[in-house]
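These notes are about the structure you will find just below.
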């Protein structure tokens, strides 16, 4: 399977989420199922690696991508480069 699916019936407090294998969302839901078994439940994992979960409806969120100006993008890039330089220096000093 190569698709995501979210289904929710109004009279239930959980949503069914189907995710393909090898995705960040599947990894995240697997972790939540282990860390929060009372909230997130792995209902089935298929032979192809896809999985079906029950998650609280409050976990489902839809939001537009963040709009970032060119100046914000450059500032973030500079912070990232600085962080990696500091990390590299720390590793060299150890």
The lone condition residue 27 fails out of (1) modelled with pLDDT under 95; (2) under 15 Å from the mean Cα position of the chain (by Cα) is (1)
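Residues to consider are 47, 82, 87; find the one that is assigned to a loop (DSSP other than H, G, I, E, B) and over 19 Å from the mean Cα position of the chain (by Cα).
Details: 82 fails: assigned to a loop (DSSP other than H, G, I, E, B); 87 fails: assigned to a loop (DSSP other than H, G, I, E, B).
Exactly one of 47, 82, 87 is assigned to a loop (DSSP other than H, G, I, E, B) and over 19 Å from the mean Cα position of the chain (by Cα), namely 47.
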I'd like to check something: does segment 54-73 contain any residue that is free of Cβ contacts under 8 Å to residues at least 12 places away in the same chain, assigned to a strand (DSSP E or B), loosely packed, with under 10 Cβ neighbours inside 10 Å and out of contact with any helix residue (DSSP H, G or I) (no Cβ under 6 Å at 6 or more places or on another chain)? no
Restricting the search to segment 1-24, which residues are within 13 Å of the chain's Cα centre (by Cα) and assigned to a strand (DSSP E or B)? 17, 19
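For residue 92, are the conditions met, namely being exposed (fewer than 10 other Cβ atoms within 10 Å of the Cβ), in a helix (DSSP H, G or I) and modelled with pLDDT under 95? Walk me through it before giving the result.
On the way: exposed (fewer than 10 other Cβ atoms within 10 Å of the Cβ): yes; in a helix (DSSP H, G or I): yes; modelled with pLDDT under 95: yes.
Considered against the rule, which asks whether it is exposed (fewer than 10 other Cβ atoms within 10 Å of the Cβ), in a helix (DSSP H, G or I) and modelled with pLDDT under 95, residue 92 comes out as yes.
The values are calculated or read from the model by the stated rules, or taken from the named source; none is laboratory data. All values reported here derive from a predicted model rather than from experimental measurement. In this analysis, Cβ positions are derived from the backbone assuming ideal geometry, glycine residues included, and neighbour counts consider all displayed protein chains.
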